[in-house]
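One structure is given here, and the rest of the page talks about it.
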Amino acid sequence: MAKNRKAEVEAAQKGLDFNTKKYQVELDTSVGKITLDMLPDVAPGHCRNMLGLAKIGYYDGLGFHRIIKGFMIQGGCPEGTGSGGPGYTIPAEFNATKHVAGVVSMARTSDPNSGGSQFFICLEAAPHLDRQYTAFGRTADAASLAVVKSIGIVKTGANDRPATPVTIKSAKVLETAK
């Protein structure tokens, strides 16, 4: 079992205020920067979780371990296999946000409440995921979506793993007044 990072994440979440601030996560990847707008109105727990993980440097150095052309890119696994997490899980927050290109959603097992740190970003519309997975963010601009789509066409091998690693060099939280 992975080291439980919940206490660190909760400490990093202190001071987050969705009422007065807008939050973004900037993923500086080996392919380019992806800025993600958080959607706390529909999934506040998932937004707090990703922001806390980013603040403690959890995502720094991790990769996108699963890339399925025309569907999604998945990252946030400390093992790089799709089986790791932060040592805790969070409850699902299914909502009406459509899974379309650029939407960020929480990866999970068959248990809806098994999300932790792994997330995926949709490359195209995936309506079969709507209300089945927790959408909690979206790419902030066309440039970010272009980077996501560039990752989405990386050559892959067994288990949809990229032939050339695609890494998250750093994940930074950006906050602005609403």
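The values are calculated or read from the model by the stated rules, or taken from the named source; none is laboratory data. Because the structure is predicted, anything quoted here is derived from the model rather than measured. Every residue, glycine as well, gets a Cβ built from its backbone with ideal geometry; the counts of neighbours run over all protein chains shown. To get the accessible areas, we keep the full protein, side chains included, count just its heavy atoms, and leave off ligands, DNA and RNA. Shrake-Rupley method; radii C 1.70, N 1.55, O 1.52, S 1.80 Å.
Out of the residues in the stretch 164-173 that are under 16 Å from GLN74 (Cβ atoms) and not polar (S, T, N, Q), which is surrounded by the fewest Cβ atoms within 10 Å (Cβ to Cβ)? Within the stretch 164-173, the match that is surrounded by the fewest Cβ atoms within 10 Å (Cβ to Cβ) is PRO165.
Could you tell me whether THR134 is touching a residue at least 24 places away in the same chain (Cβ under 8 Å) and either within 28 Å of ALA7 (Cβ to Cβ) or in contact with a Cys (Cβ under 8 Å, 6 or more places away or on another chain) (or both)? Against the criterion (touching a residue at least 24 places away in the same chain (Cβ under 8 Å) and either within 28 Å of ALA7 (Cβ to Cβ) or in contact with a Cys (Cβ under 8 Å, 6 or more places away or on another chain) (or both)), THR134 qualifies.
Considering (1) charged (D, E, K, R); (2) at pLDDT 95 or above; (3) touching a Gly at 6+ places or on another chain (Cβ under 9 Å), the lone condition that LYS3 does not fulfil carries the number (2). Looking only at residues in the stretch 54-98 that are touching a residue at least 24 places away in the same chain (Cβ under 8 Å) and of a type in the set (Val, Ile, Thr), the one that is most open to solvent (accessible area, probe 1.4 Å) is THR89.
Could you say whether any residue in the stretch 102-115 is of a type outside the set (Gly, Ala, Ser) and farther than 19 Å from ARG48 by Cα? Taking every residue of the stretch 102-115 in turn, at least one turns out to be of a type outside the set (Gly, Ala, Ser) and farther than 19 Å from ARG48 by Cα.
Taking the criterion of being of a type outside the set (Gly, Ala, Ser), outside any strand (DSSP E or B) and within 17 Å of the chain's Cα centre (by Cα), the residues of the stretch 132-160 that qualify are GLN132, TYR133, THR134, ASP141, LEU145, VAL147, VAL148, LYS149, ILE151. Determine whether the stretch 108-127 contains at least one residue that is touching a Cys at 6+ places or on another chain (Cβ under 8 Å) and open to solvent by 40 Å² or more (accessible area, probe 1.4 Å). No, there is no match, as no residue in the stretch 108-127 is touching a Cys at 6+ places or on another chain (Cβ under 8 Å) and open to solvent by 40 Å² or more (accessible area, probe 1.4 Å). Remark: pairs (first residue in the stretch 138-151, under 14 Å from ALA125 (Cβ atoms); second residue aromatic (Phe, Trp, Tyr); Cβ separation under 9 Å; 6+ apart in sequence or on different chains) are absent.
Those residues that are of a type outside the set (S, T, N, Q) and crowded, with 21+ Cβ neighbours inside 10 Å, I need them from the stretch 41-53; list them, please. Result: ALA43, HIS46, CYS47, ARG48, MET50, LEU51, GLY52, LEU53.
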